[in-house]
Amino acid sequence: MSFSGKYQMESHDNFESFMEAVGLPDELIQEGKDIKSISEIEETGDHFKVTVTTGTKILTNSFTIGQETELESPTGEKVNVSGACHNPTMSFIHVAWVYPSPYIYASI
């Protein structure tokens with residue numbers, strides 16, 4: 001199953017607490033809490049390019065399944081991915097990284 005395509009966020013439960021945990025300033029959290037982001041995923045084999053557009057902010061990250069890489073966080077900091085796996089039968093991508101304080105992960 002290919003993940004390539006454009007996706008619009010339908011809901012973002014616990015958005016404010018998650019963004020606080022990653023260090024986003026309160027003013028940006030308040031700006032973004034009602035905006036529905038659009039994610040564009042380009043998949044080429046085990047390589048993924050994910051571009052998330054939230055209002056006027058555009059964040060693009062690329063990674064390859066099974067390889068360590070550096071991603072940009074919502075605050076603009078660079079973080080190293082400690083692992084990634086792709087399970088085509090489960091229809092999701094899981095990317096995990098160690099952030100400066102808590103362990104944070106994201107699933108697409």
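Key figures for this structure:
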| read-out | value |
| --- | --- |
| Hits among lysines - C-alpha to C-alpha of Lys49 under 19 Å, sequence gap 8 or more where chains match | Lys6, Lys57, Lys78 |
| Around Val79: net Lys/Arg minus Asp/Glu count, Cβ-Cβ under 10 Å | -2 |
| Under 5 Å, built H, 5+ apart or other chain: amide partners of Ser37 | Met9 |
| Summed residue charge, Cβ within 12 Å of Phe3's Cβ, Lys/Arg positive, Asp/Glu negative | -2 |
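Only the coordinates and a few stated rules stand behind these numbers; no lab work does. Being a predicted model, the structure only gives us computed values, none of them experimental. We place every Cβ from the backbone using ideal geometry, glycine too, and count neighbours over all the protein chains shown.
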